Amino acid sequence: MDNLYLIIVVILVVLAVSDLVVGVANDAANFLNSAVGSRVASRWVILSVASIGIFIGTFFGSGMMEIAKSGVFHPNMFHFHDVMILFLAVLIADIIILDVYNSLGLPTSTTVSLVFELLGAAVVVGLYVIAKDPNAMSSSLSDYINSSRALTILSAIFSSVVIALVCGSIVMYITRLIFTFNYERNLKFVGAIWCGLAFTAITYFAIFKGLKSTTLVSNETLDALKSQTTQILFIIFACSSALYAIMQHLFKIDILKITILIGTASIALAFAGNDLVNFIGVPMAGYQSYEIASAALANGIDVGTLTMEELKAPVKADWRILSVAGAIMVLTIWFSKKARKVIDTGVNLSRQVAGVEQFGSIQLSRSIVRGTVNFSKSIDRRLPKRVAKFIDSRFKPLAPTNEEKPSFDFIRASVNLTVATLLISLATSLKLPLSTTYVTFMIAMGTSLADRAWGRESAVYRITGVITVIAGWFLTALIAFTAAGIVACILMFATGYSHTLGIIVVIGFGILAMFRVMTSKEFRSKTEEVVEDIEELTGEKAVYDYGNKGIKKSITQTSEIYTRTLDALFTENHRELKNIREEAEKIYRKAKNKRKYEVLPNLERLGGDHPDLTFYYIQVVDYNYEVAKSLLHITRESYEYIDNNHEGFTQEQIEDLQLILDTVNAIYTEFLTMLDTKDYSNFDALMKKREILNDVYYSSTKHQIKRAKANESGTRNTMLFLHIITETRTLILQSRNLMKSQRKLAMTNEG
């Protein structure tokens, strides 16, 4: 047999490991969001529970492998060469697409990506076969493609998104009315029943969703379980409720924690059983095709004319292969940074507490919020005041404390898991294809919406995030179809044109996919950069240390960037100005988000015992923001001027700006010395140096006006010069205020 096919098999096996890693990194959010967001336990406990579910679930996924072999295309219409190229194209496209989604921190459906990659590659390969083979000219593309399956899955996406959001919202709303945020009191009376219901739903999910394709349980056993479903569920509910009551009242165990951990393991189990095909189904189908061709060759059959009818035959995966796949999946959720990034997206969009918003604002999200607010007001006007007051009291959040809060509480986490298990179980019983990613994510969004986590301050940003994620879902189908089709087209033409060229292209694509996974850098979002600098202050000394360290860093950065900006402007260094502008934008974003998201939580932690300290702390944060804003204006205008290739500054202009630069640096250097020595005896004299800068400012302005009148500089040149010295004046004014606030903060600490 041609060595090309052996190379393809080897590449498929190697890439299968990569596909497992990138696929699990994206799907980890499906079963970890609720546990991680509620902080039900330490991360290692959560991951351990999920790992058990994943490893067990891998043995339940053998029967799902058929989708990769014959679920989207008709294998009897393709020759051996065609399906090998098809499978290779699918796997390469899948790895690259999922890795991009992981890098962006966006959850997507591995099921949809696989189905449409298979569809895209099959369409291209089918068209190629029809065009090249005279015997196939009478065939139509519909003879090659099982398009009804793909369309069914796509239609299920639309319905699952809406149903999951609505169901999550309704159940969460009713649950919060029952328990309130101070749920410990009501949990004593109805907690056992609630957890019993949740456990029953989770068990039903595990049996009828997770075990439906197991290799370890016979079909007769499953049929017996299904025939006694009602009785079994009633017994499970009664026994679990009684057991929960005993644990809660006799042993004082937090039964919500147990429910959440069991739910996490259950969804992890079903995820592994159902989604394993998305990661190793294609490589296994390719390996099976190679075995079929090898057997045919041994019997004297020409592999070049061999069609793949045998792929329609059911096959049970080797338990050793499933074990290795399970181990790789477990290692991925433990060590993948990209898995954490995707999890953080879901948790960030559904969190109850305030914080940095990952997404911005768009017109659609603003319109939705505005319409919702107006609708809510109209409902409030029609509700009796006593009813409205009662409802508001049930949704009243807990008083702020010094403790770090989880993104949401145990009640919401248990609702997320319970509703997800019920919906997925219902869809399975109705034989509807449903994406676990879509269901779990949209339920989390629905419960956070009903829980009033999307307040007026955050709703527009959260909705933008949801719209972004949903748009990414629907784009997945188009991107997967196109990417796999392009790869398949290149591979088919290369292998059809030349044997050697085909091998080179196949190996090249394999190396490209591996290189993408092994060396890709995560696209660090603006939010991540900001979150690293958001600090929690819990004491007087912490505030002082924060102010001293933060101001020293701010002054040092400002002095350095201001100096580099003018030097690059003097030499018209376009690249350096671009880098400086990006650094200034990063500093500005951090300062802006500190003011938005850091101040209020820290004030709540500090309480009212230190009014002077908190006042100066607020001033420090605010003035630091103003300094960053002025610095950004200077760097941005300077870059745009040089970027547009305008004429550089004259020697006289450079001399004026150099004098201003020397004065600014002298002020900053002296203040940094005060911070290091903690000696503020010359502070008043330093503050008066601003008058020197004012004199330089006035003289430089007069010089520029004279140059403009004498036509020695153009309009844009003059405007930039005046803009720089005006913003420098503002920069020093805000820096002076920052220095004064820091000194008072230091004096307050000493007092």
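The values are calculated or read from the model by the stated rules, or taken from the named source; none is laboratory data. Computed from a predicted structure; not experimentally measured. Counting neighbours? That spans all protein chains shown, and the Cβs are built from the backbone with ideal geometry, glycine included. To get the accessible areas, we keep the full protein, side chains included, count just its heavy atoms, and leave off ligands, DNA and RNA. Shrake-Rupley method; radii C 1.70, N 1.55, O 1.52, S 1.80 Å.
So which of GLU647, GLU670, GLU637 ends up being open to solvent by 20 Å² or more (accessible area, probe 1.4 Å), modelled with pLDDT of 90 or more and over 16 Å from GLY550 (Cα atoms)?
Result of the check over GLU647, GLU670, GLU637: GLU637.
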Restricted to the stretch 562-598 and to residues being within 19 Å of LEU720 (Cβ to Cβ) and aromatic (Phe, Trp, Tyr), the residue surrounded by the most Cβ atoms within 10 Å (Cβ to Cβ) is TYR562
With respect to ARG743, is the statement that it is under 22 Å from TYR617 (Cα atoms), touching a Phe, Trp or Tyr at 6+ places or on another chain (Cβ under 7 Å) and assigned to a helix (DSSP H, G or I) true? yes
Residue count, the stretch 674-687, condition in contact with an Asp or Glu (Cβ under 8 Å, 6 or more places away or on another chain) and surrounded by fewer than 14 Cβ atoms within 10 Å (Cβ to Cβ), comes to 1
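Pick from SER367, SER323: which is open to solvent by 10 Å² or more (accessible area, probe 1.4 Å), in contact with a helix residue (DSSP H, G or I) (Cβ under 8 Å, 6 or more places away or on another chain) and modelled with pLDDT of 80 or more?
Answer to the selection: SER323.
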All conditions in (1) β-branched (Val, Ile, Thr); (2) surrounded by fewer than 21 Cβ atoms within 10 Å (Cβ to Cβ); (3) modelled with pLDDT of 80 or more; (4) in contact with a helix residue (DSSP H, G or I) (Cβ under 8 Å, 6 or more places away or on another chain) are true of VAL303 except (3)
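Look through the stretch 383-396, keep the residues that are open to solvent by less than 90 Å² (accessible area, probe 1.4 Å) and within 19 Å of SER169 (Cα to Cα), and return whichever of them is nearest to the chain's Cα centre (by Cα).
Among them, the one singled out is PHE395.
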LEU675: passes all of (1) touching a residue at least 60 places away in the same chain (Cβ under 8 Å); (2) over 18 Å from THR726 (Cβ atoms); (3) outside any helix (DSSP H, G or I); (4) not charged (D, E, K, R) but (3)
The residue from ARG690, ARG716 that alone is closer than 30 Å to ASN548 by Cβ, open to solvent by 20 Å² or more (accessible area, probe 1.4 Å) and assigned to a helix (DSSP H, G or I) is ARG690
### Message
Can you confirm whether GLU184 is open to solvent by 80 Å² or more (accessible area, probe 1.4 Å), in a helix (DSSP H, G or I), farther than 24 Å from SER435 by Cβ and at pLDDT below 80?
### Response
no
Checked the stretch 5-47 for anything polar (S, T, N, Q) and open to solvent by 30 Å² or more (accessible area, probe 1.4 Å); matches are SER42
MET687 fails exactly one of (1) under 25 Å from ALA584 (Cα atoms); (2) free of Cβ contacts under 8 Å to residues at least 60 places away in the same chain, namely (1)
The lone condition ALA272 fails out of (1) open to solvent by less than 50 Å² (accessible area, probe 1.4 Å); (2) among the aliphatic types (A, V, I, L, M); (3) out of contact with any Leu (no Cβ under 7 Å at 6 or more places or on another chain); (4) farther than 30 Å from ILE96 by Cβ is (4)
Note on LEU118: of the conditions (1) modelled with pLDDT under 85; (2) part of a helix (DSSP H, G or I), unmet is (1)
Matching residues in the stretch 693-704 (closer than 13 Å to PHE721 by Cα and surrounded by 14 or more Cβ atoms within 10 Å (Cβ to Cβ)) number 5
Note: among ILE724, ILE705, just one is among the β-branched types (Val, Ile, Thr) and under 30 Å from LYS549 (Cα atoms), namely ILE724
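Condition first: part of a helix (DSSP H, G or I) and more than 25 Å from the chain's Cα centre (by Cα). Can you find one or more residues in the stretch 274-282 that meet it? Write out each step before concluding.
Within the stretch 274-282, the subset part of a helix (DSSP H, G or I) is 274-282.
Remaining after also requiring more than 25 Å from the chain's Cα centre (by Cα): 281-282.
Yes, the conditions are met somewhere in the stretch 274-282.
So which residues in the stretch 250-265 are open to solvent by 10 Å² or more (accessible area, probe 1.4 Å), in contact (Cβ under 8 Å) with a residue 12 or more places away in the chain and over 23 Å from the mean Cα position of the chain (by Cα)?
ASP254, LYS257, ILE258, ILE262
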- request: Would you be able to say whether some residue in the stretch 551-573 is assigned to a loop (DSSP other than H, G, I, E, B) and modelled with pLDDT of 80 or more?
  value: yes
ALA295 meets each of (1) modelled with pLDDT of 85 or more; (2) aliphatic (A, V, I, L, M); (3) under 30 Å from LEU114 (Cβ atoms); (4) surrounded by 13 or more Cβ atoms within 10 Å (Cβ to Cβ) with one exception, condition (4)
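Rundown of residues vs (1) in contact with an Asp or Glu (Cβ under 9 Å, 6 or more places away or on another chain); (2) at pLDDT below 75, yes/no style:
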position	(1), (2)
ARG381	no, no
ARG386	no, no
PRO400	yes, yes
GLU404	yes, yes
SER407	no, yes
PHE410	yes, no
ALA420	no, no
SER435	no, yes
ALA444	no, no
